[in-house]
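Asks: Sharing a structure, written as structure tokens. Questions coming.
The values are calculated or read from the model by the stated rules, or taken from the named source; none is laboratory data. Keep in mind it's a predicted model, so treat the numbers as computed, not measured. Reconstructed Cβ throughout: ideal geometry from the backbone, glycine too, with neighbour counts over all protein chains shown. Areas reflect the complete protein model, heavy atoms only, side chains present, ligands, DNA and RNA absent. Shrake-Rupley method; radii C 1.70, N 1.55, O 1.52, S 1.80 Å.
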Amino acid sequence: MSTGREPGAAVEAALGAAGDDDLNAFISVDEDALERARLIDEDDRPGPLAGRPVALKDLIDHSGRTTTAGSSFYRHLATRSATVVERLEAAGAVVMGRNNLHEFAFGFSSENAWFGPVRNPWDPTLSAGGSSGGSAAAVAAGIVPVAIGTDTGGSVRVPAALCGCVGLKVGHGRVPLTGVFPLCGSLDTVGPIARTVSDAAAAFSVIAGHHPADPWSSPEPVEATGGAATLEGLRVAVPHPWVDRPLDPWLKSGFESFVAGLADAGAVVTVVRLPSLDPDALPPATYAEAGAVHRRWFEEDPERYGPSVRSRVAAVIDFDADAVSEAHRWRAGLRHAFAGAFASTDLLLTPTTAAWRKVIGVDEVEVAGTREGYRGAFSWFTTLPSQAGLPALALPVAGTAAPGRPPASVQLIAPRHREPALLAIGLALEEAGLVGFSPPVRAESGQLPTDRP
């Protein structure tokens, strides 16, 4: 993970940039980080992340700091860091701040009722996506090379796509959840958002692996993350009818150009029919765990929740056993469908989102000339890999960015426990020039609004 600066200087620059942040990407900044970086500068045995600045979604405990979960009332002064933070710090990373997010990670816009909306570095009138919006905005804006987010249904990949970054959704159980405020424990994951695949891989190699205190943690050994894979002969399948829903023309064009480039690089790109991969079939009770997390607080005082999250919590607190059982059966069938697909292909390929442009304060987006709710457009391609517990990688398509408009984003989905192979393919795609980060360029009209919360 490289910043182009010595560790102390890198952290100092990150703190300064966070202090000048006009995107509302941070809830708090840790000035003590500079002293920790200076100690690492003096260490004759630095870790692999050697003083590199990292930001945390404010859902992840860091000892001595307060976790807010982006809420009006939850204030947890952590006495111990989350396992992921302990591993980052043991590797020499310096946590320099806590990122803004969608309240309790239960949404896709990061328009927070209590801390204000996270603004998109490409156009500050637009949403940065969610729920890890502050994490993606901080990375895209160049404040930190890597930020750690969480992903339950797309909350790493959606903001990575909307902000033009790399976002790794790890397989469920690959990174311990101890010290991370839950949304749905059977779906929750922790993963990096970065400017490059190599930075995402460096973070993954540190944070992944079993932890006995986490009942969700997989004991399966984590393979070493090596160099770039070969694209020659790589089998990639585009699943229909999943990908047939309307797309923003910009994203559709970017997806098609990526598919063509992938084939030109020697990959074998095929079309497969997988009718059971249908986001519309998702039972609402798949999120019943969120109701269990919030039931007591919500019943005591629902007004302590912001309007959008209040309605979502209200919708998941009263499922009966039959509904939950049906959700489990559906999820098992989905996992079997993915497993069947991977019997004949290495990866599945989809766009990451169906839309990219959501104006802050407006709950609909335009997709192919039609207005629709933003949550469905943002999560259509990200929800199913989460429900199946699979790793997925969101990547910005090279050459598709424009002023005020982030690059198109594609999603690669791999079989369970294949994160190292997925990252190796991502590295190969970067080396081939098919994907790559572009620093945000704001359109002339995309200046920060004067009425910012």
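Asks: On a C-alpha basis, how far is the centre of segment 135-156 from the centre of segment 19-71 in Å? Whole number, if you could?
Replies: Comparing the Cα centres of segment 135-156 and segment 19-71, I get a distance of 14 Å.
Asks: Under a Cβ-Cβ cut-off of 15 Å, what is the net charge of the residues other than HIS102 that fall near it, where Lys and Arg count +1 and Asp and Glu count -1?
Replies: +2
Asks: Now for a separate question. May I ask you to compute the full-extension gain from SER63 to ASP41, defined as 0.36 nm times their residue separation minus their alpha-carbon distance, rounded to one decimal in nm?
Replies: 5.7 nm is the gain from fully extending SER63 to ASP41.
Asks: Rounded to the nearest 0.05, what FRET efficiency is calculated for HIS336 and ALA9 with R0 set to 56 Å and r the Cβ-Cβ distance? Walk me through the numbers on the way to the answer.
Replies: On the way: r = 51 Å, r/R0 = 0.92.
FRET efficiency, HIS336 to ALA9: 0.65.
Asks: From the square roots a ≥ b ≥ c of the eigenvalues of the alpha-carbon gyration tensor of segment 313-388, which class results: rounded (a/c under 1.5), prolate (a/b over b/c), or oblate? Kindly include the intermediate steps, with their values, before the conclusion.
Replies: Working: a/c = 3.46, a/b = 1.21, b/c = 2.87.
Oblate, since a/c reaches 1.5 and b/c is not below a/b.
Asks: Counting Lys +1, Arg +1, Asp -1, Glu -1, what net charge surrounds SER186 among other residues with beta carbon under 9 Å of its beta carbon? Mind showing how you got there, number by number?
Replies: Numbers: positive: ARG331; negative: ASP188, GLU289.
Cβ neighbours under 9 Å give a net charge of -1.
Asks: Per residue, how much accessible area does segment 148-190 show when a 1.4 Å probe rolls over the protein heavy atoms, in square angstrom?
Replies: The answer is 8 Å² per residue.
Asks: If you take the Cα Rg of segment 128-208 and divide it by 2.2 N^0.38 Å, with N the number of residues, what do you get?
Replies: Values: Rg = 11.3 Å, N = 81, 2.2 N^0.38 = 11.7 Å.
For segment 128-208, the normalised Cα radius of gyration is 0.97.
Asks: Can you give the accessible area of ASP301, probe radius 1.4 Å, in Å² rounded to 10?
Replies: 60
Asks: Kindly identify segment 317-453 as rounded, prolate or oblate by the Cα gyration tensor criterion: order the square roots of the eigenvalues as a ≥ b ≥ c, call it rounded if a/c is under 1.5, otherwise compare a/b with b/c, prolate if a/b is larger, else oblate.
Replies: Details: a/c = 2.70, a/b = 1.25, b/c = 2.15.
Cα axes put segment 317-453 in the oblate bin.
Asks: While we're here: Calculate for the chain the 222 nm mean residue ellipticity that helices alone would give, adding -39,500 (n - 2.57) per DSSP H run of length 4 or more and normalising by residue count, nearest 500 deg cm²/dmol. Let's see the in-between values first.
Replies: Numbers: 13 runs with 139 residues, N = 453.
After summing the helix terms and dividing by the residues of the chain, the value is -9000 deg cm²/dmol.
Asks: Also, I was wondering about something else. Give, rounded to the nearest 20 debye, the magnitude of the charge dipole that segment 197-341 has about its Cα centre when Lys and Arg contribute +1 at Cβ and Asp and Glu contribute -1 at Cβ. Provide the component values of the computation, followed by the final result.
Replies: On the way: 12 positive and 20 negative charges, 40 e Å.
Result for segment 197-341 is approximately 180 debye, rounded to the nearest 20.
Asks: With the full set of protein chains in place, find how many percent of the accessible area of the chain is carbon and sulfur; take the probe as 1.4 Å.
Replies: Working: 8430 of 16410 Å².
Percent of accessible area from carbon and sulfur atoms in the chain: 51.
Asks: List the trypsin sites (Lys or Arg not before Pro) in segment 261-305 that DSSP assigns to loop (not H, G, I, E or B) and whose Cβ has at most 12 other Cβ atoms within 10 Å. Which are they?
Replies: Details: sites: ARG273, ARG295, ARG296, ARG304; in loops: none.
Answer by residue number: there is no such site.
Asks: Contact order normalised by length for segment 1-98, with contacts defined as Cα pairs under 8 Å and 6 or more residues apart; what percent is it?
Replies: Values: 157 pairs, mean separation 33.2, N = 98.
That works out to 34 percent.
Asks: A follow-up question, please. Which whole-percent values make up P(r) of segment 291-334 when all C-alpha to C-alpha distances are grouped in 5 Å steps starting at zero?
Replies: So the P(r) values, bin by bin, are 5, 21, 23, 18, 14, 12, 6, 1.
Asks: Using amide H atoms built 1.01 Å from N in the peptide plane, name the residues 5+ places from HIS240, or on other chains, whose amide H lies under 5 Å from its own.
Replies: Distant-sequence amide H within range of HIS240: VAL272, ARG273, LEU274.
Asks: For a distance above 18 Å, tell me the whole-number percent of Cα pairs in segment 59-174 that qualify. Before the final figure, lay out the partial values.
Replies: On the way: 3247 of 6670 pairs.
Counting pairs separated by more than 18 Å, the tail of P(r) holds 49 percent.
Asks: Let me ask something additional. Compute the signed sum of charges (Lys and Arg +1, Asp and Glu -1) over the other residues within less than 9 Å, Cβ to Cβ, of GLU220.
Replies: Details: positive: ARG174, ARG416; negative: none.
So the surrounding residues net to +2.
Asks: I would also like to ask the following. Just want to confirm a number: the relative contact order over the chain, from Cα pairs under 8 angstrom separated by 6+ residues, in percent.
Replies: 17
Asks: Let me ask another. Provide the solvent-accessible area of HIS76, counting protein heavy atoms only and rolling a 1.4 Å probe, rounded to the nearest 10 Å².
Replies: Accessible area, nearest 10 Å²: 70 Å².
Asks: Could you compute Rg(Cα) / (2.2 N^0.38 Å) for segment 1-98, with N its residue count? Please list the in-between numbers first.
Replies: Values: Rg = 13.4 Å, N = 98, 2.2 N^0.38 = 12.6 Å.
It is 1.06.
Asks: Among the DSSP beta bridges whose two residues both lie in segment 1-159, what percent are antiparallel, rounded to the nearest 5?
Replies: On the way: 9 of 17 bridges.
The answer is about 55 percent antiparallel.
Asks: Assuming 0.36 nm per residue, please report the length gained on full extension of the stretch ARG371 to GLU444 beyond their Cα-Cα distance.
Replies: On the way: separation 73, 0.36 × 73 = 26.28 nm, distance 2.54 nm.
So the chain would gain 23.7 nm between ARG371 and GLU444.
Asks: In square nanometres and to one decimal, what's the mean projected area of the convex hull around the Cα atoms of the chain? Don't jump to the answer; show the numbers that get you there.
Replies: Numbers: hull surface 79.7 nm².
Over every viewing direction, the Cα hull of the chain projects on average to 19.9 nm².
Asks: Provide the per residue accessible area, probe 1.4 Å, for segment 37-108, rounded to a whole number of square angstrom. Don't skip to the answer; put the middle values down first.
Replies: Working: 2500 Å² over 72 residues.
Normalised by residue count, the accessible surface of segment 37-108 is 35 Å².
Asks: For segment 270-283, in order, what is each residue's ³J(HN,Hα) by Karplus, 6.51 cos²θ - 1.76 cosθ + 1.60 with θ = phi - 60°, in whole Hz (x at glycine and Pro)?
Replies: Using θ = phi - 60°, the values come out as 10, 9, 10, 9, 9, x, 6, 8, 10, x, 5, 8, 4, x Hz.
Asks: Per residue, how much accessible area does segment 322-453 have with a 1.4 Å probe, in Å²? Before the final figure, lay out each step's value.
Replies: On the way: 5140 Å² over 132 residues.
On a per-residue basis, 39 Å².
Asks: Now, a different point. Can you tell me how much longer the chain between ALA402 and HIS76 gets when fully stretched, taken as 0.36 nm per residue apart minus their C-alpha distance, in nm with one decimal?
Replies: Details: separation 326, 0.36 × 326 = 117.36 nm, distance 4.12 nm.
Stretched fully, the ALA402-HIS76 segment lengthens by 113.2 nm.
Asks: Can I ask one more? When a/c reaches 1.5 or more, the comparison of a/b and b/c decides; with that in mind, is segment 96-239 rounded, prolate or oblate per its Cα gyration tensor?
Replies: Values: a/c = 1.80, a/b = 1.25, b/c = 1.44.
Oblate, since a/c reaches 1.5 and b/c is not below a/b.
Asks: From the protein chains alone at 1.4 Å, what is the descending order of accessible area for ILE40, ILE207, largest first?
Replies: Values: ILE40 35, ILE207 0 Å².
Correct descending sequence by accessible area is ILE40, ILE207.
Asks: Work out the length of the dipole vector of the chain about its Cα centre, built from +1 on the beta-carbon of each Lys and Arg and -1 on the beta-carbon of each Asp and Glu, and round it to the nearest 20 debye.
Replies: My answer is approximately 580 debye.
Asks: Which three semi-axes in whole Å describe the equivalent ellipsoid of segment 158-282, each the square root of 5 times a Cα gyration tensor eigenvalue, listed largest first? Kindly include the intermediate steps, with their values, before the conclusion.
Replies: Details: eigenvalues 170, 80, 49 Å².
Computed over segment 158-282, the values are 29, 20, 16 Å.
Asks: Taking each full run of DSSP H in the chain as one helix, which ones are at least 20 Å long along their axis (Cα atoms) and have mean Kyte-Doolittle hydropathy of at least -1.0? Walk me through the intermediate numbers first.
Replies: On the way: long enough: 249-264 (22 Å, 0.32); 321-342 (32 Å, -0.15).
Span-like helices, by this rule, are 249-264, 321-342.
Asks: Also, quick follow-up: Can you give the FRET efficiency to the nearest 0.05 for GLU431 and ASP320, using r as the Cβ-Cβ distance and R₀ = 35 Å? It would help to have the intermediate numbers written out before the result.
Replies: Details: r = 52 Å, r/R0 = 1.49.
The formula returns an efficiency of 0.10 here.
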